[in-house]
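Input: a single structure, listed below in structure tokens.
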Amino acid sequence: MRRKKGTLLPIETSILQAGIEFAVRGAARFHGFMIAKEIKDRDGAKLLTAHGTLYKALDRLQRAGMLESDWEDPLVAAQEGRPRRRLYHVTAAGEAALVKALEAVPKRASAGQRPGIVTP
Amino acid sequence: MSSLLWFAIALTRAWTATYTRGLTADLRRERRDEIDCDLWEHQRLADLQRTPVSGTAIEILLRLFFGMPEDILWRFEAGSQSAIGKGTQVNESESVLIRGLSVVAIIVAALPVAMGLSAVFGVNGEWAGTWERTIYGGLWASSGVAIVAGLILSKTRPILGITMVVVGSIAVSAFWYWVAIFTVPIGIALTLIAFFRARQTGWPHRGDGGLPSATA
């Protein structure tokens, strides 16, 4: 999807919002499926976010410095009998981008524009 | 595990393995591990919530299909970044891979051609001698020919070649709509192969959209 430089896509906003909500609930780090589930529950969607859409957006946010990630210890995953998880967390830049984005939504809506979101 | 769930997981893994080919080992392993983790968590949640297995399988398939265009775009972006970081090594391995995939793709695309021709010229079966058989057989064969020709042309005439592969794949999926679960991903894979063949010549950056430059 093409978009103006310095804006966030809705999926990126949803990911950052979900990530911050996890942190508020005490889970500072999250993996991809947690985000997909959170977005589905919050938006009341029928389907989880598609694999390609979700992981491409996570990759984009990480390259933009809004998320950071690290892989958990494979031994921990092996002990629990599951694949290792890539755990993400929202950075200060991600939080700032989200705050600015949410502030911009009412302004754009009142100006009759699509609810695109502005980053710093 | 039901056979449908097994199929959904196997197809997702096969697709991930396909589009991550040619990337650096780290990038490939990371994407595959991430998808594996997602599939595992999805199944675990379905078990906890006692969701019907068929529902989980269908949801996995839909997540796969709806995400395919983004996977392809991500592959292009990641491939460019890998190539910058690793020089020509990635391009060489990608070249061998694409050549191999092209051969497989042409064999796969020859299937509707063979089926169409056998329908037109065959003498047995309940449709023998009917005009429907000639028309359908001709259309099947034409769809296959469009895909084969598109794959071959994708290096010299990228836009025309890719368009022919897309049109042929859509036609095949429409003719055999009852097996769309197979024909749609195969069609997407064929289109992806045509894209990668075109990209090897420098397209779309070479700008002419037509014949490759002498240095390509």
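Only Lys, Arg, Asp and Glu carry charge here, each on its Cβ (+1 for the first two, -1 for the last two); on that basis region A:25-103 has a dipole of about 260 debye about its Cα centre. For B:Ala14 and B:Ile152, compute 0.36 nm times the residue count separating them, minus their Cα-Cα distance, and round to one decimal in nm. Using 0.36 nm per residue and subtracting the Cα-Cα distance, I get 47.2 nm. For the pair A:Ala64 and B:Trp131, a Förster radius of 56 Å applied to the C-beta separation gives a FRET efficiency near 0.40, rounded to the nearest 0.05. Each residue of region B:19-82 gets 73 Å³ once the volume of the Cα convex hull is shared out per residue. Other residues within the sphere of radius under 14 Å centred on the Cβ of A:Leu67, judged by their own Cβ, net out at -1 (K and R +1, D and E -1). Applying the criteria of a DSSP loop state and at most 10 other Cβ atoms within 10 Å to the trypsin sites (Lys or Arg not before Pro) of region A:1-104 yields A:Arg2, A:Lys4, A:Lys5, A:Arg25, A:Lys46.
Between B:Phe66 and A:Trp71, the modelled label-to-label distance comes to 2.9 nm, taking each label 7 Å out from Cα in the direction of the beta carbon. Here the label points at A:Arg25 and B:Leu111, each 7 Å from Cα along the C-beta direction, are separated by 4.3 nm in the simple model.
Peptide A:55-63 is shielded by partner chain Cβ atoms: per residue, an average of 4 of them sit within 10 Å of its Cβ. Calculated over region B:104-193, the projected area of the Cα convex hull averaged across directions stands at 5.7 nm². In whole Å, what is the distance between the alpha-carbon centres of region B:3-54 and region B:132-175? After rounding, the separation between the Cα centres reads 31 Å. Basic side chains Lys and Arg get +1 at the Cβ, acidic Asp and Glu get -1 at the Cβ, and with that the dipole of region B:1-48 about its Cα centre reaches some 260 debye.
Every read-out reported here was derived from the displayed coordinates using simple, explicitly stated rules and does not represent laboratory data. Please read these numbers as outputs of a predicted model, since none were measured by experiment. Glycine gets a Cβ as well: all are built from the backbone with ideal geometry, and neighbour counts include every protein chain shown.
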